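Asker: For reference, the structure I am asking about is given below.
Every number in this text was worked out from the coordinates using simple rules, so none of it is lab data. All of these numbers come straight from a predicted model, not from anything done at the bench. Note: ideal-geometry Cβ built from the backbone for every residue, glycine included; neighbour counts use all protein chains shown.
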Amino acid sequence: MELKVNQEQIDRLYRFTREHFVEHYDLQTELVDHLSNAIEQEWKENPKLSFEEALQKEFKKFGIFGFMDVVEQRQSALNKKYNLLILKHFKEFFTIPKIIFTISLVFGLFYFFKYVFFYELLTIAMIGWFLLLIAALVYEKRKMKKRKNQTGKKWMFEEIIYGYGSFSGVFVIPIHIINIFSNHGNGFPNDYMLFGISFFLVSLFLATFIVTKIIPSKAEEYLKQTYPEYTFSN
C-alpha cells in the first residue's frame, strides 16, 4: 500500500513554508504540492522514513538558501506573466475600432500642440489625470488589504498587479520633456518632433491607464485563472 500525505501533514507543510520565510499563499501552495509529491516518492523508495525525515531530506535539496531561489524564480515568472497582460491590453488599443480612437487621440494632441498649445494648461491637465489614477489605485489597494485581512492570505501575483501602479509616477516626466522641446511655449522644432511627442504621450497615457485601472479592476479574474484556489479563499 502506497503511503500518501494526509491533510494534517499538508497543514504542517504550509507551516513549514511559512517558517522558512515564504509569505505568499500562492507560492506556499506550489511548494506544498512539490514537497508532497517528493515525500510520497521518498516513501516509495523507503517506506520506513518518517514524514519529518522525508521532509528534511527534500528540503536539503533546495540548498543553503532554502526556498529563496524558488521564490525569486517564481516572482520573475509572474512578472513576465504580468508584462504579457499589459502588452495584451495595450495591443487592444491598436485594433479596430479602438485604433480609430487611438489615432484620433494622437492627431488631436498633435493639433493641440501645434495651434492651441498652452503649457500651464497641459501641466494642470496631466497632474489632474495623474491624481485621478493614484486615487483609483489607492481604492483598489484598499480592497486588496481588506481581502487579506479577511482571509489571512497574501498573494504574490496580486501584489505584483497592484505594485505596478507605481509606474504611474513616470507620467509627470513628459511635462518636463515637452517643456524642454517647446522652449517654454516658443514652439517645437518641427512637425515630426511634435507628432513623435504626441504619439509618445498617447502611448504613455494608455499604458498608465492599463496598469493603474484596467488590470487592477480585473485582478480577481486573473488570480482565479492562475490559482483556482483563490476562489475558495475569498
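Asker: In a solvent-free Debye calculation with one equal scatterer on each Cα, what is log10 I(q)/I(0) for the range 68-158 at q = 0.20, 0.26 Å⁻¹, listed in the order of the q values?
Answerer: Computed log10 I(q)/I(0) values: -1.12, -1.19.
Asker: Would you grab the residues whose amide H sits under 5 Å from the one on HIS24? Only those 5+ places off in sequence or on another chain, please, with H modelled 1.01 Å from N.
Answerer: none
Asker: Expressed in nm to one decimal, what extension gain is obtained for the pair ILE124 and LYS4 from 0.36 nm per residue of sequence separation less their Cα-Cα distance? If you can, show how the numbers build up before the last one.
Answerer: Values: separation 120, 0.36 × 120 = 43.20 nm, distance 6.39 nm.
So the chain would gain 36.8 nm between ILE124 and LYS4.
Asker: Let me spell out the model: positive unit charges on the Cβ of Lys and Arg, negative unit charges on the Cβ of Asp and Glu, origin at the Cα centre of the range 1-144. What dipole size does that give, in debye rounded to 20? Display every interim value, and only then the final one.
Answerer: On the way: 19 positive and 19 negative charges, 150 e Å.
For the range 1-144, the charge dipole is close to 720 debye.
Asker: Right, here's the next one. Would you calculate the separation in nanometres between label points at LYS44 and ILE64, each defined as 7 Å from the Cα along the Cα-to-beta-carbon direction?
Answerer: In this crude spin-label approximation the distance works out to 3.3 nm.
Asker: Could you give log10 I(q)/I(0) at q = 0.18 Å⁻¹ for the range 1-118, computed by the Debye formula over C-alpha point scatterers of equal weight, without solvent?
Answerer: Reported log10 I(q)/I(0), two decimals: -0.95.
Asker: May I ask you to compute the full-extension gain from ASN83 to ARG18, defined as 0.36 nm times their residue separation minus their alpha-carbon distance, rounded to one decimal in nm? Before the final figure, lay out the partial values.
Answerer: Numbers: separation 65, 0.36 × 65 = 23.40 nm, distance 2.78 nm.
Extra length available between ASN83 and ARG18 comes to 20.6 nm.
Asker: Residues of the range 45-77 with the amide nitrogen closer than 18 Å to a label point 7 Å from the Cα of HIS34, along Cα-to-Cβ, please.
Answerer: Counting backbone N atoms under 18 Å from the label point, the list is 54-77.
Asker: Given +1 on the Cβ of Lys and Arg, -1 on the Cβ of Asp and Glu, and no further charges, what dipole in debye does the range 1-73 carry about its Cα centre, rounded to the nearest 20? Write down the numbers at each step before the final one.
Answerer: Values: 9 positive and 16 negative charges, 53 e Å.
Charge dipole of the range 1-73: 260 debye, to the nearest 20.
Asker: Against the empirical 2.2 N^0.38 Å scaling, what ratio does the C-alpha Rg of the range 35-81 come to? List each step's numbers first, then the result.
Answerer: On the way: Rg = 13.6 Å, N = 47, 2.2 N^0.38 = 9.5 Å.
Working it through for the range 35-81, the quotient is 1.43.
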